[in-house]
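This report refers to the structure that appears directly beneath it.
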Amino acid sequence: MTTPGTAELDAGEPDAGAPDTTAEEKAGRHAVRGRARGLSHHEVAAALEDAQSRLPEEDSDGGEEEATADPSRARALAEVEEWERIEALLAVHAGTYDPDTDAFVQGGLAGEADRRAAEQAGSADSDEAGDTLLRALSRAGLLDAPDGSGLSSGEDAAIATRLAQADPEAALAVSRWLDTASGHLPPS
């Protein structure tokens, strides 16, 4: 059960779509937001200093990419960056920090919800196209019946012709669906 005010800690990350964001970095940002809830600007500034002082030392011969390859360092860097972002936010905003009113966090949550909805819609479109194909093949008598009647899979030209004759709209939809699936057309 989620307690009031902690939903954003379980929800998507604003940069969840970014390929460079690791689970450790996301966890670090979520942890900072939870600890920052209700803190004033001065308290956040003190927490930022503390996080910066605890940041593991960089390897002098490795670049930033190598330094962030270590999951604990990547998380620590993400935490410092999030404290810096929250500190900058509170520098121009009187009061205390609340992730529920943080436009960055809320925008990320909305983006994640949109991404999930688009994935579900894409899945539904794919299922609908598959159902359309099955219905059209059935109407055209192209599905193998239990008694073995129906066309064999080697009779592609006959299948295409009978499908187009039985249901031209379904034939076009199936053709587009197959072209999209094969990468010949962009998804609609």
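The values are calculated or read from the model by the stated rules, or taken from the named source; none is laboratory data. None of these values were measured; they are calculated from a predicted model. Glycine also receives a Cβ, built like all others from the backbone with ideal geometry; neighbour counts cover every protein chain displayed. Quick note on the areas: whole protein, heavy atoms, side chains included, nothing else; ligands and nucleic acids left out. Shrake-Rupley method; radii C 1.70, N 1.55, O 1.52, S 1.80 Å.
Observations
- With the whole protein complex present, S53 retains an accessible surface near 90 Å², based on a 1.4 Å probe.
- Using a Förster distance of 30 Å, the FRET efficiency for T22-R115 (Cβ separation, nearest 0.05): 0.95
- In this rough spin-label picture, where each label sits 7 Å from Cα along the Cβ direction, the L55-Q165 distance is 7.3 nm.
- Distance between the pseudo-spin-label points of L172 and A88 (7 Å out from Cα toward the beta carbon): 5.1 nm.
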